[in-house]
Every structure is written in C-alpha cells, then in structure tokens.
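Participant: What follows is a structure written as structure tokens; I'll ask about it next.
Please treat every number below as a calculation from the coordinates, not as lab data. What you are looking at is a predicted structure, and each value in this text was computed from that prediction instead of being measured. Methodologically, a virtual Cβ is constructed for each residue, glycine included, from the backbone with ideal geometry; neighbour enumeration extends over all protein chains shown.
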Amino acid sequence: MTRPREARREPAGAVTGVFAAEAEAGGDLAAVDWASTPLGPPGQWPQSLRTAVSILQARWHTALVDSLQEAFFVCDEDGAVVEINTAFTDILGYGPEELPYRPVHPWWPDAVKDPEAHRRIAAAFAQLMEDPKGSYTVPVSHRDGHRLWVSASFNHAHDPGTGRQVTVGTFRDVTAEHYAVWRKSAQAALGLRLTQATSLPEALSGALAELRSVWRAETVLAALSDGAGRPSVTTTEPGLGWTDLPAGLRDRLTDAFGRPLLTPVDHATGAAVTISHPEGTMVVWLDLGDHRPFTGEDHLLLSLPAGQLAQGLARAHQIDQLRETALALQRAILGPSSLPDGFAVRYEPATRPLEVGGDWYDTVALPDGRTGIVVGDCVGRGLKAATVMGQLRSACRALLLQDVGPAQTLMALDHFAAGIPGALCTTVFCGVLDPRTGRLTYSSAGHPPGILTHRDGTTVLLDEGRSVPLAVRPGRTRPEGTCTVPARATLLLCTDGLVERRRRPLTAGIDQAGAAVHDGRGLAVDELASRIMTRLAPAGGYDDDVALLLYRHPAPLDMEFPAESAQLAPVRTALRSWLARCEMPPHTVQNILVAVGEACANAIEHGHRDIPGPVRLRAEARVDDVRLTVTDTGRWKTPRPDRSPHRGRGMALMRALMQDVTIVPGTAGTTVDMYTRIAR
Amino acid sequence: MTGPLTLTPGHAPAGATRLTVAGEIDMSDIGTLAPAIETTQGPLIVDLTAVDHLDSAGLSVLFRHADRVEIVATPLLAPVLTISGLTRLTTVHGLEET
C-alpha cells in the first residue's frame, strides 16, 4: 500500500510558526525553554537545524494523521479539500494526487440521479462551512460509483502557517450500520402493519403503503397471478387494475411470475420481487421513478421485507380462513336467513365478537302451509351456550316438521336435551301458526309468555300451555294453549334479555314491550322490530343475549301475475280475501279493490304495451292503514285523456279513493304506491 | 267468488229497453258490455244492482251512452259513479243507503 502524499505545508520561516504547527499536531516544542539548552533560543538556530526540525515536524504530522483509523480531511476557506489521509482514500477511492478537491466534491451523489441524497450532502456541506463545529451523516458516492454512508465530525481551526481559517474533519464509513438501522425500522414498521391487519387484503394494502413510504417509491403495486393472464392488482394508487398498467410493466410483471422467489430484479425505473402468496404467485413492484438508483445493497434490503411480507400474508390468510369458518358455522347454527312474510326477527348476542349466543329463534314452514315458530334460551351465554343452542335448534326444527304439535315437540325435545350437557333448564316457546286464520297453538317450557297486542293497543299474554324448562321432568306430559291472532294484531315473542331487568318486575318489561308495539302501529313489522330493540335497550346496551320475533296478522299479500286483462278478476279475488282477513270495513275494501284494479289495469295496458312482463302486487296492512304497491316492468305512459278517456278517469279514481298515491316511473318499470287509512 | 259477467236484456215501462248486468266489470269485459249497449236504441235502463265491481273501463262505456242511459245501482258503486262524474250526466238510482 502506497503512502498517500499529504498536502505539505511549507515550513514557516518564523520559529513561532514552526512551533505553533507542531503544537497543533499535539507536540509540545513551544513549551520548551530552548534558551536554557545548549541549542540556545530558536531565533539563533542555524538554517540547517531549522530545516531539520521542520522536516521532522512534517513527518510527525503525516504519521500522526495517517495513523488515524478515521478518514481525515482539511478544507480551506472555500470548501476545497486540501489535505486527506490514507483512510480517506480507502473509504472514498479518491487519493491525494488530485488535491485539492474543490466543491462540488466528486463524491457528492448526482443531483439529477439522486436529488434527495444530493440535497442532504449539500445541506451538510453548508453546515460545515458555517458552523464552528458539528457532525452529520450523509450519503456519498465512491469513486467506482457505489453508494456509501459516512458519519463525519468537523471543527473550524486556525492555520497559524497561513493565518487562514481551515476546517478539519474526520469521518467513518457507517454504510453497514445505516442500512442495518434502516432495515430494522423498515421491518418493524412492516411487521406492525402486518400484525395489525385483520384480513388478507388489509395486510397486503398496509404492507404496500409501508413499502412505499420506506422506499420513497412513487407507487408500489402487487400483482397476483391467476394463471390466466389477468392478474389481480393491489396498489397504493387506488383504482388501478391490470389493464390500466403500461404494457411494458405488464410484461415485466408477467416475466417476474416465473422468477425465483425473494430475488429482486431491478429495472431502469424500479425493482420487482416475486413472493409466494396464499392464492398464487405474487410480484411486488416498486416504482422508484427515474432518479432513484437501485443499488446492490437495495437487493438485500428488498428481499428481506419481501420474505416478511410473504409470511405475513400467509398468516393473514390463515386468520381469514379461521374467521370465515367460524362465521359460517355460527350463521349455520343461528337459523334461517329468510323469513316468511309478516315476520321480523332481531338477534343480539351478549358476547362480542361472537355472532351467536345461547338464545335462538326459528320459523319452520310446515307442509300444510302452517308455520312453526320457536324462540328459545339456553342457560349461560357465549360459545358454550351457543353450541348447545345449535343442537337444540336443529332438533326442535326436525321435531316440528313431524307435525305432532308444539307440546309433543317439546316433550320429544325434553328427551333430546337430557342427553346434551348444558341443555338442562333451557326455556322454549314453541308454536304452530296458521297464517290464513291466525290460529296459534303453543306450548311453553318455562319461557316468558308471548305478548299479543291487539289493534286497539290492549295486550294479552299467551300464558297457557306452560310447564317446566327442558329436561327437568323428561316424560311428563306438556300442556298446550291456543289463541287466535286477530287481524292487525301483533304477536311478540322474545327471550328474557329483552324484558327482564334487575330490580324490576317482569310485568314492567312486558308492559313496556306491549306499549312499544302499540306505538309502532304505523310501522311495517321489520321497522317495528328495530324500534322495539332500540326502545327497550338498557342505557349501557343489552347485557344478555336477546332474541325477538314479531308477527303481524295477516302477512302481506304478495303476488305476481302476467300482464293480461284476464288476470284482473283472479287478482281481485285474492285481494278481496286478503282484505277480509284484515277485517276492514266494506267501503274501505271497495275503495282498495277499485284503486288497485285501476293501477293493475294501467300496468297491463300501458306498462306492458311493448314487452309483456309480470306485474307485482304487494299489500301490507299495518294497524290503522294499508300500503298497496303495484309494480310493472314497463314504462309508464302519461295518460292522454283525448286518446283514452277512461285512463284519466282511472287515475282520478285512484287519487280520490286513496289517501296518497305516488307514481314512480323508472327505467326498469313503474311503481304505483298507494296508501289508505282503515276507517274504524 | 263472483262468476263471469252476465247480461240479460229486457223491457222497461214506457218503451225503454232494460239491460240487467251481473258480476264484475273490468277492462276485460268491455268487449261484452259495449256491444250489448250499442245494439240497443232509444232510452236504456242499465241495471247494475248485481254488479259489485266497476272500473274506469266500464265507466267509459256508460259515459259514451250517457245521453240515453239511466242507471240503477247500489251504494257499493256510489263512490265510483260519483267521483267519475257520471251521476252529473245521467240519472242514477239506488245510491242512497237504505
């Protein structure tokens, strides 16, 4: 290894200069009282001695500086580097031969290719020129082009030889530490994102955002191969799909699908790395723009988080699957997702995030058109109660389908429950309703009574047919009660969580529920269910499982028929019989028949002039009013009295006979919505 | 359930013709009702006592012959006959509740 040549200072003519320079290098020559030595005062030294001292002094200086482990440099007042040591050359590749190095120094990162790095070193240089001392860590370029990070300290000093101000600095190569810290914080941030994510898509989009931030990338995207040339794309730029990507990038990504995993490949404007995704092969692409070189160090820095990302995605996928399984199982044990018309249910498990608890409701369509109704409540709550509930619900459903009646069903369920740990003391209300007549047969195994709210607001408790909870006395005969749900009355079945409160009699809760039903008499039954849940909720929310089932008699009429005038008579017949079940006064019936007849005739005549399609009639009775809806799949024609005078008359009749008529034309069809109060 | 529309022609006092209608009248029945009225001449008494549904299509037929028709109906049809204005053009009997 060759000794770099130091920037040699001319030995100063004045002895003080010589000594001062020496003192600067750590010597102590000036402190010696030369006059008392045989050499005498330095002023009287011969030239030869002075030269000898100067040479020794300079060598001492050089040896001292070169012995430093750290790179050493001296800048003049203009910022030009005028002196360096061996370590400087070792680190940056720039030797003493080309001294001085004037700013902009050749090791500065390129202002165009890497503006951010350039900005940082320029700021550090400004600091070096202005501040009396300081330190900084900056990116620099080695003579051979590779990126380094150095940590420097500097001090302003006075050169006694020249009388000028100089800056003396040292630095060391901290590239490895810099990247280690960067990698650690990047991995920590990525890890945090991945663990916080509650689903696979969330994990992926969070990780991409994190990568974008630590790489200062313009965009980061992930393409998941589907094996059919239409990969699905997730990106930090929302709304970007595969076909929106430039063709060149698509080719690059497609190529990368076949590359070895976790091995970054860099291109002019970014880098791609292939990872394994739970659903296939994924390529993560970092768009670094034109000005950010992807260095050798970067390859390692990308492959590590890429591996981390792949692991995180696999874990998120497992969590997704577990959750989906859990949800599917919970929903399967909870009960039917579709209900017969006229019914509404609400279900509120006490133990979040479980979607089920020990309560349940069920409706079972029996072969003869009747409907089995069940509301039950297992002891306890949470997962354990839910598993018991699931078994009892299924068994009760199967037993009801045997059509032996509610009491027999519960007696069979007694035996079934006796064999299931945790099923003892479950309470159940089991009923069979004939939706045509409102006739309800029921039996209760220790369950709170059903509440029947008549249309005048009076309430009746369904407190017949009562016996002990399930499995308490297996084999004992259970009684049955019957009642008829009158027209426009509402039946409410619930579990005790809805009506039972500490330090309050159950009757108070039942009264409250009855009042809520009566106050909601103008609501459709589903809205009524929401209203009751809100109104009866304790201040801090329900602290027990709650199941609520409502039925308002009769269920709405909902029929679909071809757009033909021959259908008008059968539709009238069906509507007339439904109106009779609603127990409406004859003139209200007549008004509704005429108004609906006109709306249907309109749908047939105008709505379907071009393309015949079905017409739908829905009639829903609330307590004091009826809502009638006729929907067609055609385009409503504004009546032209000059062409068809009777159509104009039809409209006039509808408006005169109903309290409110709304006609909503739409591209898919026209809806006529009519509403009328039921005269008492 | 009401059966199909029946039309029974007959004679009324003072040389008038009588047409007794029974059943329900909607747009699908116009093809039967309209010719039955059109084939008569002179004063006509249309007896709707046994009709329990009359829609705007049926009303149109009656409107077309309002100048020579007298109607006998029941209170059930009163809203339809009144709202449509037919009661203002022709004589309608039997709308009052008894």
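Participant: 7 Å from Cα along Cα→Cβ at both A:ASP341 and A:ASP624: what's the point-to-point distance in nm?
Facilitator: According to this spin-label approximation, the distance is 2.5 nm.
Participant: Right, something else. With a Förster radius of 25 Å, plug the Cβ-Cβ distance of A:GLU560 and A:THR662 into 1/(1 + (r/R0)^6) and report the FRET value to the nearest 0.05.
Facilitator: Rounded to the nearest 0.05, the efficiency is 0.75.
Participant: Positive end of the charge dipole of chain B (Lys, Arg +1 and Asp, Glu -1 on Cβ, about the Cα centre): tell me which of B:LEU44, B:VAL92, B:THR8 has its Cα farthest that way.
Facilitator: So the residue furthest toward the plus end is B:LEU44.
Participant: Something else now. Would you mind computing, in nm to one decimal, how far apart the modelled labels at B:THR39 and B:GLU97 are, each placed 7 Å from Cα along Cα→Cβ?
Facilitator: 4.0
Participant: To continue, here is another question. Tell me, what are the semi-axes, in whole angstrom and largest first, of the equivalent ellipsoid of the stretch B:6-93 as set by the roots of 5 times the Cα gyration tensor eigenvalues?
Facilitator: In descending order the semi-axes read 18, 15, 12 Å.
Participant: Rounded to the nearest 0.05, what FRET efficiency do A:GLN402 and A:TRP182 have when you use their Cβ-Cβ distance and R0 = 56 Å?
Facilitator: The value I calculate is 0.20.
Participant: Related question: Give me Rg/Rg_expected for the protein assembly as shown, where Rg uses Cα atoms only and Rg_expected = 2.2 N^0.38 Å with N residues.
Facilitator: That ratio works out to 1.72.
Participant: Right, next: Could you compute the FRET efficiency for A:THR243 and A:LEU304, with r as their C-beta to C-beta distance and R0 at 30 Å, rounded to 0.05?
Facilitator: E between A:THR243 and A:LEU304, to the nearest 0.05, is 0.40.
Participant: Once the piece of chain linking A:LEU354 and A:SER577 is laid out straight, how much longer is it, given 0.36 nm per residue of separation minus the C-alpha distance between them?
Facilitator: Full extension from A:LEU354 to A:SER577 adds 75.8 nm.
Participant: Tell me the net charge near A:ALA385. Cut-off is 15 Å between Cβ atoms, A:ALA385 excluded, with +1 for each Lys or Arg and -1 for each Asp or Glu.
Facilitator: The answer is -4.
Participant: 222 nm [θ] for the protein assembly as shown, helices only, -39500 (n - 2.57) per DSSP H run of 4+, per residue, to 500?
Facilitator: -11500 deg cm²/dmol
Participant: Here's another thing I want to ask about it. Using the Cα centre of chain A as origin and beta-carbon charges of +1 (Lys, Arg) and -1 (Asp, Glu), tell me which of A:TYR94, A:VAL615, A:SER338 is placed farthest towards the positive end of the dipole.
Facilitator: The residue sitting most towards the positive pole is A:VAL615.
Participant: Determine the distance separating the Cα centre of the stretch A:306-377 from the Cα centre of the stretch B:54-98; give it in Å without decimals.
Facilitator: One Cα centre to the other: 59 Å.
Participant: Which whole-number percent gives the relative contact order of the stretch B:6-93, counting Cα pairs below 8 Å spaced six or more residues apart?
Facilitator: Once normalised by length, the contact order is 26 percent.
Participant: May I ask for the distance between the Cα centers of the stretch A:205-263 and the stretch A:550-565, given as a whole number of Å?
Facilitator: 52
Participant: Within the stretch A:145-174, find all residues whose amide N lies under 20 Å from a label point positioned 7 Å from the Cα of A:ARG216 along Cα-to-beta-carbon.
Facilitator: Only A:145-152, A:174 fall inside the zone, counting backbone N under 20 Å.
Participant: If the reach is capped at under 17 angstrom between alpha carbons, list the aspartates and glutamates near A:LYS184, excluding any in the same chain fewer than eight residues apart.
Facilitator: By straight Cα distance, A:LYS184 reaches A:GLU210, A:GLU297, A:ASP298.
Participant: Report the relative contact order of chain A, percent, no decimals, based on alpha-carbon pairs under 8 angstrom and at least 6 residues apart.
Facilitator: Over chain A, the number comes to 7 percent.
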